[in-house]
Structure formats: C-alpha cells, structure tokens
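Got a structure here, written out as structure tokens. Questions coming.
What follows draws every value from the coordinates through simple rules; no lab data is involved. Just so it is clear, the model here is predicted, and its values are computed rather than measured. In this analysis, Cβ positions are derived from the backbone assuming ideal geometry, glycine residues included, and neighbour counts consider all displayed protein chains.
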Amino acid sequence: MEHGVTVQSCVIASSKRDFGDTGGVIPEYAARKQVECVLPVIEKALKDADVTPADLDGIAVTTCPGLLGSLLVGTTTARTLGALWKLPVIPVHHTLGHLSSSWLSAADAPQFPILTLSVSGGHTDVWYRTSHLTGKRVGATVDDAAGEAFDKGAVLLGLGYPGGPQLAALAKSGNERAHKFPVPMHDSDDFSFSGLKTSLKYLLRDSKQPLTPQYKADIAASYEFAICTHLLTQLERSLKAHPDIREVHIVGGVSANERLRAMAALLCKKYSKTLRTPSKLVYCTDNGAMIAAAGEFLLLEDASWAGRPFLTAPTASLAGLLRS
Ligand code: KG4
Ligand code: ZN
C-alpha cells in the first residue's frame, strides 16, 4: 500500500466456504485456520507487490473489534514480524479500515467533509468526518448490524452463509413491494434491525402459502428493500443535519449490495452530493488493504502512532479515537 491509495497487492484467505454448513463462523476453528494461512498470505502479498520487508515503512494490524482468537493471531504475527524486520507496528481499529476503503485505488482524492455509512456484519454507523481522524459518529445501530439482518434473514429463508450475497441474488427475481416490512426509528438518527428480522420470522411462520421459489424471491426482495430503505432514511436525516458535506461514502460488506447502491445514487442525486463506494467489490468486504490504508492515514495525521506502546494505543473505541 502506498499513500493510502495505491494498492500494490491485496491477498485474502477466506474461510467463508468452511462455514457454509454451520450457518456462521466457529471462532476457534477460524483462528486455527488463520494460524495456518497468515504467513503464506503475507509472503504472497510481498511477492505480488514485488517488494521485500526492507522496502516497508511499517506493518498495520487490526487490534479490535473482532473475534479474540483471530485478533491474537494477527497482532502476534504483526508484532513478531515488526521486531524481526525492525518496523513500527501500527494498531488500527477495524472500522477505521472500512472508513479508509473508499480511498483504495480511487480515481480522484475524496474531499472532506465526508458523511460515511459503514455497514458490515458487525457494525452499522454513520460518521461525519472533516479529516481521517477528526469528526464524530452521528448514528449507530441499537441492536443488530445491517449485515447481520441480511445474514439472519437468509437463515430464516433457508439460504446459506454468508447470507447477504445469497439473499441479494434471490431478491433480484422478486417484487420488492410484495410485502411491507416495518421501518423503525422515526425519531432518531440511529438504526435498528432486530424488529425487521422478527417480522420476517413471523411472516414465514404464519404464512398459509407454500414457500414457492417466486414467493421466496418476493419476500427476499421486500426484506432487502426494507433494510435499504431504513439505512437510507437514517442517512438522509444525517445528510440534512450536515449540509456542508461534500461526499457521501458507503463502505463495509453491505456496500456491495446493488439495490443499496442504486437507491443511494438517487438520494445523493437529490442532494447534489458525490456518492463513493469502494472501487472494487473486494474492498467492500474485509481486506488487508483497507487496514494498511488506515495505518498510513494514522501516521499521516499523527506520526506518534508508529512509536506508541502497542497495547495502550487508543484503538479500543473508534469514537474515542476521532477528535472533534
Ligand atoms: O465488512 P464485512 O466483510 O465483515 C464485517 O466486518 O462484518 O461484512 C460482511 C457482511 C456480511 O453480513 C454479509 O452478508 C454482508 O456483509 N454482505 C452483503 C453483501 N455482500 C456482503 N449484504 C448484502 N448484499 C451483499 N451483496
Ligand atoms: Zn469488516
């Protein structure tokens, strides 16, 4: 990674296929797999970028939030290689990685102030930022994350894991107006998805109709539409509250969703704001390039990050990391 924008290589070892039958990640198993994969992935990333450790300025690593075993594999590897290669190790908050993903291979530099909707399997937040490290969180989910709503909905519909892409694929042949799901939080800028999931559960439980492929697709489309409507209704509230913003970014695994992108494009057109999503689908879901970019931005805005005692770096709360 160079200047937080130029991606020289991006190698991902995914355990998605391993968890197709379990309906979710088994933390201990995932961490053991990571122990096996981490060094080959680093070697390949160096080889693909055609660099050696001597060419590096630092190693960025996710410190939180996440599954403890996986975080330990990553941080232990980074600290060991940092000591061996005499490189600073830069602790990065996972969400700051997602917030940085819209810079990856971007054709032109994003312009602050930016309103970013960060939607993944673990979090759903809106951030107002005047630089990488200054700004505030202006909305967050009070229960499930948007990706979780997709994944849990997919389980209820009998689809595989991870559910988001499969539910979205099924929704393509459905009618989004077939079922009306409740859209919550009319008096707040925050998000809530647990009621939506419960509505889907009861709809399926109480339905007298056989679950034909078309009926299932209609339900998937209506459910996806409700998630997107809720995300964008709340984003619009924040947009109105921050008219000075120049760009709207949507990042995180759910930003790969086509319906969300299409609906967000209409919203941004209405307010004459530039809409940016990660330049490649692979940068929407978890990847190392976004963590490296965030590491570079941390150093750019505050060089002391490279010298901070690793375990006391204030990454535990991203909201605490941003200065107002
Ligand atoms: O950012 P991410 O890779 O991991 C976390 O930080 O959680 O996001 C993964 C989430 C999963 O919940 C997955 O179902 C969802 O992103 N996702 C999607 C799509 N692709 C991934 N949700 C809806 N539509 C998609 N196309
Ligand atoms: Zn993520």
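How high is the relative contact order of the range 223-282, given as a whole-number percent (alpha carbon pairs under 8 Å, six or more residues apart)?
Values: 38 pairs, mean separation 24.9, N = 60.
Normalised by residue count, the contact order of the range 223-282 is 42 percent.
What are the residues whose amide H is under 5 Å from the amide H of Gly135, where those residues sit 5 or more places off or on another chain and H is modelled from the backbone?
Placed amide hydrogens put Thr130, Arg323, Ser324 under 5 Å from Gly135.
Return the subset of Lys136/Lys197; Lys172/Lys270; Lys152/Lys180 for which the Cα-Cα distance in this structure is over 27 Å, preserving the input order. Before the final figure, lay out the partial values.
Details: Lys136/Lys197 29 Å; Lys172/Lys270 25 Å; Lys152/Lys180 18 Å.
Lys136/Lys197, as the Cα separations exceed 27 Å there.
A follow-up question, please. In which sequence would Thr75, Thr22, Thr124 go, from the one with the fewest C-beta neighbours within 10 Å to the one with the most?
On the way: Thr75 18, Thr22 10, Thr124 30.
Fewest-to-most ranking of Thr75, Thr22, Thr124: Thr22, Thr75, Thr124.
Does the range 165-324 classify as rounded, prolate or oblate by the C-alpha gyration tensor (a ≥ b ≥ c root eigenvalues; a/c under 1.5 gives rounded; else a/b over b/c gives prolate, otherwise oblate)? Walk me through the numbers before you get to the answer.
Details: a/c = 2.17, a/b = 1.93, b/c = 1.13.
Since a/c reaches 1.5 and a/b is larger than b/c, the shape of the range 165-324 is classed as prolate.
Let me ask another. What are the lysines whose alpha-carbon lies under 27 Å from the alpha-carbon of Lys44, with same-chain residues fewer than 8 places away excluded?
Answer for Lys44, where 27 Å is the Cα cut-off: Lys16, Lys33, Lys86, Lys280, listed by chain and number.
Another question, if that's okay. Tell me which of Gly24, Leu39, Ala60 sits at the most positive position along the dipole axis of the range 13-67, charges placed on C-beta atoms (Lys, Arg +1; Asp, Glu -1).
Comparing the listed Cα positions along the dipole, Gly24 ranks first.
Now for a separate question. Restricting to DSSP H runs of at least four residues, report the calculated mean residue ellipticity at 222 nm for the chain, -39500 (n - 2.57) per run over all residues, nearest 500 deg cm²/dmol. Please report the intermediate quantities before stating the final value.
Working: 10 runs with 141 residues, N = 324.
That comes out to -14000 deg cm²/dmol.
P(r) of the chain in 20 Å steps, Cα pairs, percent per bin?
Here the calculated profile for the chain is 31, 56, 12, 0.
While we're looking at this one, here's another question. By count of other Cβ within 10 Å, fewest leading, how are Val183, Val254, Val35 ordered? Don't skip to the end; give the middle numbers.
Values: Val183 17, Val254 27, Val35 14.
Neighbour counts put them in this order, fewest first: Val35, Val183, Val254.
Over the Cα atoms of the range 1-155, what Rg and Dmax result, in angstrom?
When restricted to Cα atoms, the range 1-155 yields Rg and Dmax of 17.1, 47 Å.
Choose one answer from His186, His132, His98: the residue with the largest mean-square fluctuation in a GNM of the chain with alpha-carbon springs under 10 Å.
Greatest mean-square fluctuation among the candidates belongs to His186.
Cross-link partners among aspartates and glutamates for Lys269, C-alpha distance below 14 Å, same-chain residues fewer than 8 apart left out?
Glu236, Glu247
Mind listing the phi-derived Karplus ³J(HN,Hα) values for the range 299-305, rounded to whole Hz, using 6.51, -1.76 and 1.60 with θ = phi - 60°, and x for any glycine or proline?
For the range 299-305, the Karplus-derived couplings read 5, 4, 8, 7, 4, 5, 4 Hz, x marking Gly and Pro.
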